[in-house]
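The values are calculated or read from the model by the stated rules, or taken from the named source; none is laboratory data. The model shown is predicted, which means the values in this text are computed figures rather than measured ones. Cβ sites come from the backbone with ideal geometry, for glycine too, and all protein chains shown count toward neighbours. Accessible surface areas use protein heavy atoms only, side chains included; no ligands, DNA or RNA. Shrake-Rupley method; radii C 1.70, N 1.55, O 1.52, S 1.80 Å.
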Amino acid sequence: MPNEHITSVFDRDLEAVQAHIMKMGGLVEAAITNAAKSLETRDVELAEEVRAGDKAIDALEDLINEEAARVIALRAPTARDLRLVLSVMKVSANLERIGDYAKNIAKRTTVLAEARPVQDGAAGLRRMAREVEIMLKDALDAYIQRDADIARDVIERDRDVDQMYNGLFREILTFMAEDPRSITACMHLHFIAKNVERMGDHVTAIAEEVIYLVTGERPTEARPKADTTSQTI
């Protein structure tokens, strides 16, 4: 009976921490959407909301880490349960980084709003950000459902994000070559595109954490990266 009581208390504690994870994930998904939308519509007020909202994301990461540490200290979890607690901390760390990238995009938006628009650059970035947002939603669903298959699918889709980034990178180079006046704006757009690509990397890291949580093993195959821009520079 005592062991059953400890298990039930651990489960309740873990459910509370995972509820924070889902709340944090929802805030990060909204940050991605609003950062991309503010860029495309040149909405400085929305960009400021994204920047201000990052504080709530950071606060949730701190809360999750504190709760996870408390669970480890008080419940002395078994090896499997410890893996579960540590995965929560890793997922929250990746969510926090994605939130930071959304904030960075919002910062650039306030600058780009004063510059001449660069053809369809912002629209392309919004499509790329939308793909990352959907990947994140699926990765979090995989985490809650403990579904390694969904997680593997998310990892594969990061290749699509990389290819979208490659295409945007080539477009941005063309814009700069055709109109030197657009160089400053294009540099900001490239910075944003790279931020979105890195968001995809962190979503992939969450998916890899799901696979480890479910199977006890890290993915053995190399992550399918398709970023070829380093070969261009």
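The calculated P(r) of the stretch 89-158, using every Cα pair and 10 Å bins from 0, goes 17, 41, 26, 13, 3 in percent. Shape analysis of the stretch 1-114 based on the Cα gyration tensor places the equivalent ellipsoid semi-axes at 37, 10, 9 Å, largest first.
As a calculated quantity, the FRET efficiency between residue 86 and residue 134 at R0 = 25 Å, using C-beta atoms, amounts to about 0.40.
P(r) tail for the chain: Cα pairs beyond 23 Å make up 51% of the total. Over 13 Å, how big is the tail of the calculated P(r) for the stretch 145-195, in percent of all Cα pairs? Counting pairs separated by more than 13 Å, the tail of P(r) holds 63 percent.
Distance between the pseudo-spin-label points of residue 48 and residue 159 (7 Å out from Cα toward the beta carbon): 4.4 nm. In this simple spin-label approximation, residue 65 and residue 9 carry label points 7 Å from Cα along the Cα→Cβ vector, and these lie 2.6 nm apart.
The mean accessible area for residues of the stretch 85-205, using a 1.4 Å probe and ignoring ligands and nucleic acids, is 43 Å² per residue.
Peptides 204-217, 145-158, ordered by how many other C-beta atoms sit within 10 Å of their residues on average, highest first, read 204-217, 145-158. Where does helix 183-215 land angle-wise versus the long Cα axis of the chain, in degrees 0 to 90, nearest 10? Compared with the principal axis, the helix lies near 20 degrees.
Considering the dipole of the chain built from charges on the beta carbon (Lys and Arg +1, Asp and Glu -1) around the Cα centre, which of 89, 139, 38 is farthest to its positive end? Looking along the dipole axis, the top candidate is 38.
Pop out the carbon and sulfur fraction of the accessible area of the stretch 76-205 as a percent, whole number, probe 1.4 Å.
Carbon-and-sulfur percentage of accessible area, whole number: 52.
Net charge of the neighbourhood of residue 147, taken over other residues with C-beta under 14 Å away and scored Lys/Arg +1, Asp/Glu -1, is -3. Number of Lys-Lys pairs in the chain with C-alpha atoms under 15 Å apart and a separation of 8 or more places or on different chains: 9.
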